[in-house]
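Written below as structure tokens is the structure these notes are about.
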Amino acid sequence: MLEHLRQQDPELAGYIQEELKRQRENIELIPSENFVSVPVLEALGSICTNKYSEGYPGKRYYGGNEWIDKIEQLAIDRAKQIFGAEHVNVQPLSGAPANLAAYSALLKPGDTVLGMDLSHGGHLTHGHPVTLSAKIYNFVRYKTAPDGTIDYDNLRAMALEHKPKLILAGYSAYSRDLDYKKFQAIADEVGAITMADVAHVAGLIAGGEFNNPVPIFDVVTTTTHKTLRGPRGGMIMCKEKYAQAINKAVFPGLQGGPHDHQIAALAVALGEALKPEFKDYARQVKKNAKVLCNKLQAAGMKIMFGTTENHLVLADVTPLGIAGKIAQTVLDEVKITLNMNMIPDDSRKPTDPSGIRLGSAPTTTRGMKEPEMEVIADLIVKTLKNHDNAAVKAEIKQQVLALTAKFPLYPELG
């Protein structure tokens, strides 16, 4: 691995090698992360990065795109097959640009969007005031009910009151599934367009383990690098009636030439998602998350939204006498990687919130199952309860190293 880079730029090669070592040795639990396959890495590092291909397959502004056209069309066709989409755009550079492109295609400045509140699991791009989209459009945000579910009666009442042009479903820190038919029925009643952001759960949808909004909703956006286990990127799926507007919003509206190496790697990942083994992976992701959830709850943490139905667990750690920032820091010290996170209506600051967010996809990709997740949960709890005990943390770190050594990561890379 990196033989040419080592010769030309040993400093950078050293940093990359150390990052590989970190990934191999750590228990990765950040819900936004995963480990792609070596074929995905090969496509991502391929000569496709050399080509410029503004436009779309068969309609490029530059010559020499006959093979790039085939690569992009392959990714499109595979996405259509997996999700049941009428139209797919695979050019967005990531999830936030995909969402902005969708807004641009569907809305006019000042239009109202009804989306999920960030503190209740939504995403920054769903209307948080710090984002560009919130400066262009009028976002109204709904919250979860006390039992952790979406209150669809309240959602309907808000839709009737605010008459949104767009109703947005989706999240980045919510651990339940959604009833997309109820969203659609509310949208039909008020004449709104429906949009879902499935960035976190696209892999579970692809594996048949989660509700699929694509055949129901007008537009669905996603990232490609979380549970879908592809390269970092974005994708927009929509009804045919919105295809031209979506394409124009992506290019030339917001982007120039697509990243062809990224699209090639996405085609690889989508090919993997069509294999039977991917269904086994998606099923195990849910099982592993449930074990994490139950063990952390039994240890005294408060689980947000009551439980998990996907890959994600959002937990309030303050009952253990610790807050999210310290929890993230001390777990880093023992090679367990997750992220601090706000909980619904958190009384603490975003830079030092009450909660932590965990995901089971990376450990599942490495081959870990329920027994390992029980061990991981115990190690998390022990670390947090002994966050100021250096000797205990040193012992836990060795246990983490022993566990990750049993599940080798990228042995092909040397």
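The values are calculated or read from the model by the stated rules, or taken from the named source; none is laboratory data. Since this is a predicted model, take the numbers as computed values, not measurements. Every residue, glycine as well, gets a Cβ built from its backbone with ideal geometry; the counts of neighbours run over all protein chains shown.
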Problem - Whichever residue in segment 20-34 is among the basic types (K, R) and either surrounded by fewer than 17 Cβ atoms within 10 Å (Cβ to Cβ) or touching a strand residue (DSSP E or B) at 6+ places or on another chain (Cβ under 9 Å) (or both) and, among such residues, is farthest from K397 (Cα to Cα) - result: K21
Exercise for the section: Hey, can you tell me all the residues within segment 78-131 that are part of a loop (DSSP other than H, G, I, E, B), of a type in the set (S, T, Y) and either outside the structural domain of S175 (by TED's automatic domain parsing) or at pLDDT below 95 (or both)? Expected result: T131
Problem - Output for segment 173-186, where each listed residue is buried (at least 24 other Cβ atoms within 10 Å of the Cβ) and under 26 Å from S104 (Cβ atoms) - result: A173, Y174, F183
Completion exercise
Filtering segment 170-201 down to residues that are out of contact with any His (no Cβ under 9 Å at 6 or more places or on another chain) and touching a residue at least 60 places away in the same chain (Cβ under 8 Å) yields R176, D177, A192, I193, M195
Exercise for the section: Could you tell me whether segment 314-326 includes any residue that is among the hydroxyl-bearing types (S, T, Y), under 19 Å from N34 (Cβ atoms) and at pLDDT 95 or above? Expected result: no
Exercise for the section: Kindly check whether there is at least one residue in segment 190-205 that is surrounded by 24 or more Cβ atoms within 10 Å (Cβ to Cβ), hydroxyl-bearing (S, T, Y) and either more than 18 Å from L107 (Cα to Cα) or assigned by TED's automatic domain parsing to the domain that holds A102 (or both). Expected result: no
Problem - Residue ID - surrounded by the fewest Cβ atoms within 10 Å (Cβ to Cβ), chosen from residues in segment 129-161 that are polar (S, T, N, Q) and over 22 Å from the mean Cα position of the chain (by Cα) - result: N154
Practice task
Would you check if there is a residue in segment 4-24 being in contact (Cβ under 8 Å) with a residue 24 or more places away in the chain and farther than 28 Å from V400 by Cβ?
Solution key: no
Exercise for the section: Please specify each residue of segment 37-70 satisfying the condition of being among the hydrophobic types (A, V, I, L, M, F, W, C) and either within 18 Å of L228 (Cβ to Cβ) or outside the structural domain of E86 (by TED's automatic domain parsing) (or both). Expected result: V38, V40, L41, A43, L44
Handout entry: Verdict on L41 being over 30 Å from C293 (Cα atoms) and either within 19 Å of the chain's Cα centre (by Cα) or not in a helix (DSSP H, G or I) (or both)
Key = yes
Practice task
Pairs only if they're at least six apart or on different chains, beta carbon under 8 angstrom, first in segment 137-151 and among the aliphatic types (A, V, I, L, M), second assigned to a strand (DSSP E or B) and surrounded by fewer than 15 Cβ atoms within 10 Å (Cβ to Cβ); list them, first residue then second.
Solution key: none
Practice task
Determine whether segment 24-38 contains at least one residue that is touching a helix residue (DSSP H, G or I) at 6+ places or on another chain (Cβ under 6 Å), at pLDDT 95 or above and either over 23 Å from T363 (Cα atoms) or among the small types (G, A, S) (or both).
Solution key: no
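Every residue, every condition in (1) of a type in the set (D, E); (2) part of a loop (DSSP other than H, G, I, E, B); (3) in contact with a helix residue (DSSP H, G or I) (Cβ under 8 Å, 6 or more places away or on another chain), yes or no:
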position: E161; (1), (2), (3): yes, no, no
position: A173; (1), (2), (3): no, yes, no
position: R176; (1), (2), (3): no, yes, no
position: I186; (1), (2), (3): no, no, yes
position: M195; (1), (2), (3): no, no, yes
position: E209; (1), (2), (3): yes, yes, yes
position: P213; (1), (2), (3): no, yes, yes
position: T222; (1), (2), (3): no, no, yes
position: K226; (1), (2), (3): no, yes, yes
